[in-house]
Ligand code: RB5
């Protein structure tokens, strides 16, 4: 798969651990930064990643900030993005199966690397179920400006 990844200073270490992990499994990563502890603003990185998703240049996106909250809020302001903050490997597949999330977000200060890898694996193994969920997603889309 082709995956866009971005993070702020609170998430770049976990983002880079996941980048290395996913590249090791043969996936192609578009790394949109940041790559240092210098303070940056997470909405800029949410936009950079989501632009790749909206343009269909990648299959999905992964965002990481300190908590995962700010960067997911920013991503969900972008029309066409359904970004799911994934705190566990149990929630992760549901975000694909029910919500057809096209971006997942993680908290770099709260999610250990092995748990983060399991979360990403669980999301990637899941498939959107359609059916009764599509009407609900259509209603989400109708909320867009
Ligand atoms: C940055 O200090 C922190 O606020 C950010 O990474 C994120 O946790 C915001 O939701």
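Where a number appears in this text, it was derived from the coordinates with a stated rule and is not lab data. Remember, predicted model here, so these are calculated numbers, not experimental data. Heads up, the Cβs are rebuilt from the backbone with ideal geometry, glycines too, and the neighbour counts pull from every protein chain shown.
Overview of results
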{"quantity": "Filter pass, residue 35 being under 17 Å from residue 3 (Cβ atoms), surrounded by fewer than 21 Cβ atoms within 10 Å (Cβ to Cβ) and in contact with a strand residue (DSSP E or B) (Cβ under 6 Å, 6 or more places away or on another chain)", "calculated": "no"}
{"quantity": "Qualifying position, being without any contact (Cβ under 8 Å) to a residue 24 or more places away in the chain, within 15 Å of the chain's Cα centre (by Cα) and not in a strand (DSSP E or B), among 56, 47, 15", "calculated": "56"}
{"quantity": "Residue in region 102-110 that is touching a helix residue (DSSP H, G or I) at 6+ places or on another chain (Cβ under 8 Å) and either away from the ligand (no atom under 16 Å from the Cβ) or in a loop (DSSP other than H, G, I, E, B) (or both) present", "calculated": "yes"}
{"quantity": "In region 48-57, the residues that are surrounded by fewer than 24 Cβ atoms within 10 Å (Cβ to Cβ) and either in contact with a helix residue (DSSP H, G or I) (Cβ under 7 Å, 6 or more places away or on another chain) or over 12 Å from residue 6 (Cβ atoms) (or both)", "calculated": "54, 55, 56, 57"}
